[in-house]
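Please read the structure below before turning to the comments.
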Amino acid sequence: MASQDWFEKDFYAILGVPQDADDAAIKKAYRKLARKLHPDQNPGDAAAEQRFKDVGEAYAVLSDPEERHEYDAVRQMARGGARFTAGGPGGGNGGFEDIFSAFGGGRGGNVRFSTGGTGFRGSGGAGGAGGQADINDILSQMFGGGGGGTAYGGGDPFSGYGAPAGPRKGQDVTARTSLSFRDAVEGATVTLQTPEGRSITTRIPAGVKDGQKIRLRGKGAPGDAGAPSGDLILTVTVDKHPVFGRDGDNLTVDLPVTFAEATLGATVRVPTLNGGSVRVKVAPGTPSGRVLRVKGRGVKTSSHTGDLLAKVNVVVPQRLSGEAREAVEALRKQEGDYDPRAELFAKAGE
C-alpha cells in the first residue's frame, strides 16, 4: 500500500542498486545488507538496527511488482510528474493545490496527508459531501483520467494508492537455545519464553549442529486476524562432550590401547553415546592415530546414519617391572639399527 513517506525515501539508494535493477540484483543486495546489519551481528548498535529496518522496508516494496510500480510512480510524481507547489498564474504545471482545489473549492482549501487507508484527503471550500474531496475522483484525475479508472488497471481507484493491504503475516522472531551434546545428536523437545511471555514448545530434530539455525514455521509473532504467524529462527549452541566429538554425521572418540594390544593385536571395547559399548578388533602392529570405523553408531538423521570413528592412541607404560624392562630391552636389540625417523628426514630434505 502506498505510503506518505514514499515521497521522501529512496529505496533504491537504501539498497545501493540502480532504479532499473532486476529482481535478482535487488534480492542479492538485500541479503548482503541484511547479513551485515542484523542485530545479532551488531548488538547494542541502534544505528545498525535502524538501517536494518530501512533495508527490510525497502526490500519489501521493491520485491513486490505492484508495490514497486506504485513506488516508482510516486517518486516520479515527487520529481516533477505532479508538483507540491502550485504553478504560477498561467503556468503550465499545476501543483497539488491545483489538483485538490478542483474538489475543495479553490486555493483556500487545506491539503494534508493521512496515515489512514485513503492516503490523501482534501478539505475546505465547496466540494463533495461534507466539503471533502472524493478520493476516487482525485486518483482518477491524477492517474487515470475520466471514467473513474486509475493508472494501475481496472475501474477500482483503490487498486493504486490507499489500497487496503489485507491481513499481514506475523513477523519472524529470532531466539537462541543451548542443548547438551546428546540431545543435539538424538533430538530433544525444548520450551522457549518469548519477550511477551508466551511459551513456545518445539521439537529440535536429531543431528543438529553447533551454531545451526533452524526455521520453525508458524512459531513467530502472531499475524493480523486471518493471517498466519511468522517463523521462529532458532540458533542452537551445542555443549561439548567429555568423550565424544562430531565429524559431520560421524561421532569420534579417542581409544587408548596398550603397547602390547597395539603390537600383538586384541579385541577391545569402545564406548557408545547411549551408555553401552561395542567391541572392535585392533590388528597386530596398529600404530597410534589409526582410525577404526564402527558402522551405524554415529548420528542418526532422517536421511542418513553416521559411523563411530575410534582413533587409536597407544599408551606408553609409565612404570615397568624388572621382567618387563628386560623384555623391552630384548625387543630393542632385535630391532637393531632400524630408524623409524629415517623416512621423515629423507622427505624433509626434498
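General observations
- Among the residues here, ARG176 qualifies as within 21 Å of the chain's Cα centre (by Cα), at pLDDT 85 or above, surrounded by fewer than 17 Cβ atoms within 10 Å (Cβ to Cβ) and within 30 Å of THR272 (Cβ to Cβ).
- Residue list for the stretch 290-299, restricted to those being within 23 Å of LYS209 (Cα to Cα) and either part of a strand (DSSP E or B) or not assigned by TED's automatic domain parsing to the domain that holds LEU255 (or both): VAL291, ARG293, VAL294
Conditions tested, residue by residue: (1) touching a Leu at 6+ places or on another chain (Cβ under 8 Å); (2) closer than 30 Å to LYS213 by Cβ; (3) hydrophobic (A, V, I, L, M, F, W, C).
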residue: SER229; (1), (2), (3): no, yes, no
residue: LEU232; (1), (2), (3): yes, yes, yes
residue: VAL238; (1), (2), (3): yes, yes, yes
residue: ARG246; (1), (2), (3): no, yes, no
residue: ARG279; (1), (2), (3): no, no, no
residue: SER288; (1), (2), (3): no, no, no
residue: THR301; (1), (2), (3): no, yes, no
residue: VAL312; (1), (2), (3): yes, no, yes
residue: ALA324; (1), (2), (3): no, no, yes
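- Residues within the stretch 268-288 that are part of a loop (DSSP other than H, G, I, E, B), over 21 Å from HIS241 (Cβ atoms) and free of Cβ contacts under 8 Å to residues at least 24 places away in the same chain, tallied: 3
- Residue within the stretch 242-258 that is basic (Lys, Arg) and assigned to a loop (DSSP other than H, G, I, E, B) present: no
- Any hit, the stretch 287-308, residues being surrounded by 10 or more Cβ atoms within 10 Å (Cβ to Cβ), in contact with an Asp or Glu (Cβ under 8 Å, 6 or more places away or on another chain) and among the hydrophobic types (A, V, I, L, M, F, W, C): yes
- Set ILE233, ILE204: member being within 25 Å of ARG35 (Cβ to Cβ), touching a helix residue (DSSP H, G or I) at 6+ places or on another chain (Cβ under 9 Å) and modelled with pLDDT under 90: ILE204
- Within the stretch 173-207, the set of residues being aliphatic (A, V, I, L, M) and touching a Leu at 6+ places or on another chain (Cβ under 7 Å) comprises VAL173, ALA175, VAL185, ALA188, ILE200, ILE204.
- Restricting the stretch 207-230 to residues that are over 16 Å from THR177 (Cα atoms) and touching a strand residue (DSSP E or B) at 6+ places or on another chain (Cβ under 7 Å) leaves a set whose member that is modelled with the highest pLDDT is GLY230.
- Residues satisfying the stated conditions in the stretch 239-254, i.e. under 16 Å from GLY187 (Cα atoms) and in contact with a Phe, Trp or Tyr (Cβ under 6 Å, 6 or more places away or on another chain): ASP239, HIS241, LEU251
The values are calculated or read from the model by the stated rules, or taken from the named source; none is laboratory data. Bear in mind the structure is a predicted one, so any value in this text is a computation, not a measurement. Backbone-built Cβ (ideal geometry, glycine too); neighbour counts: all protein chains shown.
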